[in-house]
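Worksheet: one structure, shown below.
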Amino acid sequence: MSSKLRNRIFLFCFVILALPSGAQKPDPRILPLVKKQVESMLELASWCQANGLARERNRIFEALLALDQDHAFARKESGWKRLGKTKWDRVKGFRRSIRTNPSMAREWKIRAAGIVDSYATKVAPRLASLAPKMAPIELRRLTLAMQILSPRNDQLRILLGEKKVGRRWLLRESVATKRRRKTLAQRARLLLAGAGEPAEVGLTLPERRVEMAWKKPRYLQGVRVVGTVPDREIVSACQLARAAIMYVRTSMRADVQPFQDFTIYLLASRDDAQRFFHFYPGVSESNRRFADGLSSCWLQGSSKVVIWPEDKNRRTEWVARQTIAMLLQNGWNITTKNAVLFEGLGIYLSHKLCGFRTTWYVRPSRYARAGQDRDEAGTLKKTKDWLRLARRRLSSTPPKYRRLFAHDVNQMVTDDLLDSYVFAAYLLETAATERESYLKKIGAGTNFETAVVDVWGMDVPALQNRVLRWLKETKAL
């Protein structure tokens, strides 16, 4: 793609973003603060008309209408007509000239840059300091409108969360990712190494009634592990669960606590699991049926989780996953209904702790995708670097966040799992403020689109594009 065509596409995208709509209700405090901007833009539009710069004049009106959506002259020149007292409608068949005068291009850039610089240095700080604060999405909309006039303006890029590194402009979060990713990896190793030695404890009366070949139970600061697996594995599981608790607390900056009397039953086989569910007091028939076909589940209404894969690595991973799942629920009310966060954060954090990524709640599709799901699942299990896999897949299967964020785990397929992992990596490896605010809003029941607008000041497609840009920019890390 030529640079000229790329610039045209870039401009077109911003023009679409800035198109006015009768349904929008901008903050009424904007107009008085941008009065001089509007006057300067009208003067520049007149200058463009006198010098044969029709395309540039069109761009001015698109930016102006983002500042003042009821500006009659700009509306008329952009092909709108008044519809009642509060609405506008496009004139059918309206065509605007797109001629330009190359000889005046340099002068145009200088004049447009003057208006943009004035916005960035004077208007934007005043808008940001208003009390009560303006909605972040309004500030972003105005800044994007100014970018129509000067797409490469440095000050606007800074306002939109970019940072210059050498000769490149990167997202601010991309610059911080390398250090944050390294910190997360180091922290996991240190917490595992310093988890401490669990103490031996006794069996409870319900556990003795099951009459299984229990090894010595262990306890370590809020974590109790009972099992039929070898003693060394019980000790390691106790340490891993404790490390997982501390890892979530430190990585997500929250004083989240485990369930009271949190207990992990670590069983060596499915036969052990069947015996446990049959004889353990108080287990309901529905809980037994729910456990069929699984390799781990919680006892209904309790603080006890049962884990029984015959593969040791999967048992280890389930210890981390279920501990993290408990903390997501306790700390932010994130459950399987919030599939993107529940799966993405669970897999990311547990992988950092134990090095495995096989314990998914996601199930294959029942219908036409079933074969494709199996292929993708196999690819995920074989691939060590999921972020690299996600980059390779962008051209053929780009994510669709509006659909993805509305899913619970029973609606997800395996490619959704990869998209969830990428979003979790973005949350954990970038800004903590946005992550905390977003998790709290989702846990409180806020609609995901509303939460994105409130926290990031952009709509869901804009956040999706930002995450994908971050994914590409962090390729070399």
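The values are calculated or read from the model by the stated rules, or taken from the named source; none is laboratory data. Owing to the predicted nature of the structure, the values given are computational and were not obtained by experimental measurement. Cβ coordinates were reconstructed from backbone atoms using ideal geometry, including for glycine residues, and neighbour counts include every protein chain displayed.
A few points about this structure:
Listed here are the residues, each with its yes/no results for (1) at pLDDT below 95; (2) among the polar types (S, T, N, Q).
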{"position": "Arg402", "(1), (2)": "yes, no"}
{"position": "Asp408", "(1), (2)": "yes, no"}
{"position": "Gln411", "(1), (2)": "yes, yes"}
{"position": "Leu418", "(1), (2)": "yes, no"}
{"position": "Tyr421", "(1), (2)": "no, no"}
{"position": "Ala425", "(1), (2)": "no, no"}
{"position": "Leu428", "(1), (2)": "no, no"}
{"position": "Thr433", "(1), (2)": "yes, yes"}
{"position": "Glu436", "(1), (2)": "yes, no"}
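- Restricting region 160-175 to residues that are among the aliphatic types (A, V, I, L, M) and in contact (Cβ under 8 Å) with a residue 12 or more places away in the chain leaves a set whose member that is nearest to Leu142 (Cα to Cα) is Leu160.
- For region 209-235, filtered to residues that are surrounded by 23 or more Cβ atoms within 10 Å (Cβ to Cβ) and not aliphatic (A, V, I, L, M), the residue that is farthest from Thr316 (Cα to Cα) is Arg218.
- Of residues in region 336-390 being over 21 Å from Leu427 (Cβ atoms) and of a type in the set (A, V, I, L, M), the one modelled with the highest pLDDT: Ala377
- Any chance Val201 is of a type in the set (Val, Ile, Thr), more than 19 Å from Gly282 (Cβ to Cβ) and surrounded by 19 or more Cβ atoms within 10 Å (Cβ to Cβ): no
Conditions tested, residue by residue: (1) under 23 Å from Thr379 (Cβ atoms); (2) assigned to a helix (DSSP H, G or I).
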site	(1), (2)
Ser395	yes, no
Asp415	yes, yes
Asp419	yes, yes
Tyr426	yes, yes
Thr446	no, no
Glu449	no, yes
Leu463	no, yes
Val467	yes, yes
Lys472	yes, yes
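- Residues satisfying the stated conditions in region 397-413, i.e. of a type in the set (Ser, Thr, Tyr) and assigned to a helix (DSSP H, G or I): Tyr401
- All positions within region 278-308 that are in contact with a Leu (Cβ under 9 Å, 6 or more places away or on another chain) and crowded, with 18+ Cβ neighbours inside 10 Å: Tyr280, Val283, Asn287, Val305, Val306, Ile307, Trp308
- Restricting attention to region 254-294, the residues that are within 35 Å of the chain's Cα centre (by Cα) and in contact (Cβ under 8 Å) with a residue 60 or more places away in the chain add up to 6.
- Flag for Val306 being assigned by TED's automatic domain parsing to the domain that holds Leu203 and within 18 Å of Gly346 (Cβ to Cβ): yes
- Matching option when the condition is assigned by TED's automatic domain parsing to the domain that holds Gln49, surrounded by 14 or more Cβ atoms within 10 Å (Cβ to Cβ) and either in contact (Cβ under 8 Å) with a residue 12 or more places away in the chain or out of contact with any helix residue (DSSP H, G or I) (no Cβ under 7 Å at 6 or more places or on another chain) (or both), among Arg90, Arg96, Arg111: Arg111
- The residues in region 202-212 that are in a helix (DSSP H, G or I), of a type in the set (A, V, I, L, M, F, W, C) and in contact (Cβ under 8 Å) with a residue 12 or more places away in the chain can be counted, and the count is 1.
- All helices (runs of 4 or more DSSP H) inside region 126-201 with 1 or more residues being touching a Lys or Arg at 6+ places or on another chain (Cβ under 9 Å) and farther than 30 Å from Arg106 by Cα: 172-193
- Selection from region 252-286 of residues that are assigned to a helix (DSSP H, G or I) and either modelled with pLDDT of 95 or more or more than 28 Å from Tyr348 (Cβ to Cβ) (or both): Arg270, Asp271, Asp272, Ala273, Gln274, Arg275, Phe276, Phe277, His278, Phe279, Glu285, Ser286
- Any hit, region 242-253, residues being basic (Lys, Arg) and within 26 Å of the chain's Cα centre (by Cα): yes
- Among the candidates Ile324, Ile307, the residue that is within 19 Å of Ile264 (Cα to Cα) and in contact with a strand residue (DSSP E or B) (Cβ under 9 Å, 6 or more places away or on another chain) is uniquely Ile307.
- Note on region 296-344: residues that are in a loop (DSSP other than H, G, I, E, B), among the small types (Gly, Ala, Ser) and free of Cβ contacts under 8 Å to residues at least 40 places away in the same chain total 2.
- Only a single item in (1) touching a Gly at 6+ places or on another chain (Cβ under 7 Å); (2) closer than 24 Å to Leu345 by Cβ is not met by Ile234, and it is number (2).
- When the residues of region 409-455 are filtered to those that are among the charged types (D, E, K, R) and within 22 Å of Lys163 (Cα to Cα), the one that is surrounded by the fewest Cβ atoms within 10 Å (Cβ to Cβ) is Glu434.
- Residue that is modelled with pLDDT under 95, among the hydrophobic types (A, V, I, L, M, F, W, C) and loosely packed, with under 12 Cβ neighbours inside 10 Å, where the choices are Ala23, Ala50: Ala23
- Any hit, region 115-137, residues being farther than 25 Å from Val452 by Cβ and touching a Pro at 6+ places or on another chain (Cβ under 8 Å): no
- Lys215, sole failed condition from (1) at pLDDT 95 or above; (2) part of a loop (DSSP other than H, G, I, E, B); (3) out of contact with any strand residue (DSSP E or B) (no Cβ under 9 Å at 6 or more places or on another chain): (3)
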